[in-house]
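Enquirer: Here's a structure for you.
The values are calculated or read from the model by the stated rules, or taken from the named source; none is laboratory data. Only a predicted model underlies this, so the values are computations on that prediction, with no experimental measurement involved. Positions of Cβ are backbone-derived with ideal geometry, glycine not excepted, and every protein chain shown enters the neighbour counts. Accessible surface is based on the protein model in full, side chains and every heavy atom, while ligands, DNA and RNA are left aside. Shrake-Rupley method; radii C 1.70, N 1.55, O 1.52, S 1.80 Å.
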Amino acid sequence: MRASIYCDECGTVHEINEKIVMCPCGKGLAEVRFDELPKVSWDTFKGRHWGVWRYRELIPVPTDAGIVSLGEGGTPLIKLRGPTRHTFLKFEGANPTGSFKDRGMTVATTVARYLGARAVVCASTGNTSASMSAYAARAGLKPIIILPEGKVAKGKLAQAVLHGATIINVKGNFDQALEAAVKVSAEGLAYLMNSINPWRIEGQKTVGFEIVEEMGVPDWIVLPVGNAGNISALWKGLKELYTAGLIEQLPRLAGIQASGAAPLAKAFKHGVEEPEFVDKPETVATAIRIGRPVSWKRAMRAVRESGGVFEEVSDEEILNGQRELARNEGIGVEPASAAAYAGLRKLVDEGIIGKDERVAVIATGHALKDPEVAASHPTPSFSVRPADVVTLVMGLISD
Ligand code: AN7
C-alpha cells in the first residue's frame, strides 16, 4: 500500500480502503499519508488536462475506485492591478458548483462510492452542502445536509434544493450542526463529507499544485479561513511537493478571518497557542461564520511553519473588498473570498507583505453564491417609463 490513514493524535494507522473518517480514539483528525512519496516530476503531469486529477499520482485513492468528477479544478489565475506589483487571484468560483469545495468533493465522493456508502452527510455554512449534493447526485448517493437555520446564502441553498438534498435546518450555528453531523456518521447512518474527512483534504491540496505550476512559488498565498480545512490542505500539498523535490522553497501563508469569527487571528495576535473559541460567531461572510475551527491545530502549525500570519478583517472591509474586486477587476466573489482580498490589502498597508512580493490570493467562491449581498452594493439605478429612457440617459451622460 502506497499510503495509509493516520490519526494525528494517537498515531493509529488504518488502511486506505477502511471506512475511517475519524479515528476511533475520538481525539485526533485522520490524515492520508504516503508511506513513500511517488516518484513524480512536473513532466509527469504535462500534457494532461488541468484540474484535480492532473495530479492523480499524488491523490492515493484506492486504484480500483472509479472516479466521480465534474471537471473540477483548473481554475483561472488572474493577474490583478494590485495591491502588490505581482498579485494573482486564483478564481475558485469557476469550479463546477462555484466554490473550491468541488476539489475535495470529487475525491471524497470517489472514496464514498468505493466504500459502498449509500448516504452522505455534512454540516455546512452553504458551499459544502451545495458541492456535496451535486457530487452525490452524480454518484447515486443520498445527500443529507445539516444547516444553521437562516444563515445560509440563497445561491448555496438553491443548489442544494436543485440537486435534491434532504435539508435539515437546526436552530444553532455551524459548529453545532457539525457536532450533529459527526453523530449521524458515528451511528453509521451516513458517510461524513466535512473536511474532517481526510479525502476532502487530498483533493483540496491541488489548488496549491496549480498555483505553483502556473506562476512558480509565490512569496505569499493568502486565503480565507473558516473551519481551517483548506489552509491545512494547501500546506499539506505544498510540503509534499517540497519533499518530492518539485519545488525548492515554500510560500508564506496568510490566513484571513472575519472579525466576528476570528479565534485563530486573535490567538495569533496575542501570541497564544490555544485559541479562545467564539460561541456566537457573526459576520456578513456567512461561509466563514465559524467559531470553533475543527482543523485549528493544523492551521496554526501551517501558518507558523511557513513564517506566515493570521489577520482579521471587519465586515466593512470585506464589503469594500468585494466591491473593489468587482469594479476594478471585473471579478465577482462571495464575501468570504472578498475577506482574503481585503486581508491582503490590509497586510500590504501594514507593511507585512511587501509591494514587490509575488502573491496568490485564493478567491474561494463565486459572487452568485450570495446574491443578496451582491445586490446590496450601491449603484445608479432608475425606474422610468420606456419613453423617458433616452432623456434620462442624455442627462446622465452629460453630467
Ligand atoms: C467560500 O461550506 O465551511 O477554512 O460548510 O465556503 O476550509 O472551512 C465553507 C467554508 C472559505 C473556509 N471560503 O474554508 C461550508 C464551509 C468559502 C467557504 C471557506 C468556506 P475552510
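Enquirer: Please note which strands (runs of 3 or more DSSP E) are completely contained in segment 38-136 and include at least 3 residues that are under 28 Å from Glu248 (Cβ atoms).
Expert: In segment 38-136, the matching strands (runs of 3 or more DSSP E) lie at 77-79, 86-91.
Enquirer: Only one of (1) touching a Leu at 6+ places or on another chain (Cβ under 7 Å); (2) in contact (Cβ under 8 Å) with a residue 40 or more places away in the chain is not met by Pro275, so which one is it?
Expert: The single condition Pro275 does not satisfy is (2).
Enquirer: Return the total of residues in segment 147-161 being in contact (Cβ under 8 Å) with a residue 24 or more places away in the chain and part of a helix (DSSP H, G or I).
Expert: Summing the residues that are in contact (Cβ under 8 Å) with a residue 24 or more places away in the chain and part of a helix (DSSP H, G or I) in segment 147-161 gives 6.
Enquirer: If you don't mind, there's one more thing I want to ask. Kindly indicate whether any position in segment 345-362 is more than 17 Å from the chain's Cα centre (by Cα), buried (at least 17 other Cβ atoms within 10 Å of the Cβ) and within 13 Å of the ligand (Cβ to nearest atom).
Expert: No, there is no match, as no residue in segment 345-362 is more than 17 Å from the chain's Cα centre (by Cα), buried (at least 17 other Cβ atoms within 10 Å of the Cβ) and within 13 Å of the ligand (Cβ to nearest atom).
Enquirer: Select, from Glu240, Glu213, Glu248, the only residue that is charged (D, E, K, R), more than 17 Å from the chain's Cα centre (by Cα) and in a loop (DSSP other than H, G, I, E, B).
Expert: Every option except Glu248 fails the conditions.
Enquirer: Still on this structure, please answer the following. Would you confirm whether any residue within segment 278-299 is away from the ligand (no atom under 16 Å from the Cβ) and either surrounded by fewer than 20 Cβ atoms within 10 Å (Cβ to Cβ) or not assigned by TED's automatic domain parsing to the domain that holds Met22 (or both)?
Expert: The answer is yes; a qualifying residue exists.
Enquirer: Follow-up. Among Pro224, Pro218, Pro251, which is the only one that is more than 12 Å from the ligand (Cβ to nearest atom), in contact (Cβ under 8 Å) with a residue 60 or more places away in the chain and surrounded by 24 or more Cβ atoms within 10 Å (Cβ to Cβ)?
Expert: Pro251
Enquirer: State whether the residues of segment 329-336 include one that is within 13 Å of the ligand (Cβ to nearest atom), of a type in the set (A, V, I, L, M) and modelled with pLDDT of 95 or more.
Expert: The answer is yes, given that some residue of segment 329-336 is within 13 Å of the ligand (Cβ to nearest atom), of a type in the set (A, V, I, L, M) and modelled with pLDDT of 95 or more.
Enquirer: Taking segment 1-39, which residues are farther than 24 Å from Asn194 by Cα and crowded, with 16+ Cβ neighbours inside 10 Å?
Expert: Leu37
Enquirer: In segment 93-128, how many are within 16 Å of the ligand (Cβ to nearest atom), in contact with a helix residue (DSSP H, G or I) (Cβ under 8 Å, 6 or more places away or on another chain) and closer than 21 Å to Gly71 by Cα?
Expert: Count: 20.
Enquirer: Return yes when Glu305 is within 14 Å of the ligand (Cβ to nearest atom), surrounded by 11 or more Cβ atoms within 10 Å (Cβ to Cβ) and touching a residue at least 40 places away in the same chain (Cβ under 8 Å) and no when it is not.
Expert: So Glu305 fails the test.
Enquirer: Just one of the numbered conditions (1) open to solvent by 10 Å² or more (accessible area, probe 1.4 Å); (2) in contact with a strand residue (DSSP E or B) (Cβ under 7 Å, 6 or more places away or on another chain) is not true of Ala123; which one?
Expert: Among (1) open to solvent by 10 Å² or more (accessible area, probe 1.4 Å); (2) in contact with a strand residue (DSSP E or B) (Cβ under 7 Å, 6 or more places away or on another chain), Ala123 violates only (1).
Enquirer: Please list, ordered by first then second residue, the pairs with beta carbon atoms under 9 Å, 6 or more apart or interchain, first in segment 346-367 and over 17 Å from Glu311 (Cα atoms), second part of a loop (DSSP other than H, G, I, E, B) and open to solvent by 70 Å² or more (accessible area, probe 1.4 Å).
Expert: If the second residue must be part of a loop (DSSP other than H, G, I, E, B) and open to solvent by 70 Å² or more (accessible area, probe 1.4 Å), the pairs left are Lys355/Arg85; Asp356/Arg85; Glu357/Arg85; Arg358/Arg85.
Enquirer: Confirm whether Val373 is farther than 28 Å from Leu238 by Cα, assigned to a helix (DSSP H, G or I), open to solvent by less than 70 Å² (accessible area, probe 1.4 Å) and within 13 Å of the ligand (Cβ to nearest atom).
Expert: yes
Enquirer: Now for a separate question. Farther than 25 Å from Val152 by Cα, assigned by TED's automatic domain parsing to the domain that holds Ala360 and of a type in the set (S, T, N, Q), is that true of Thr63?
Expert: no
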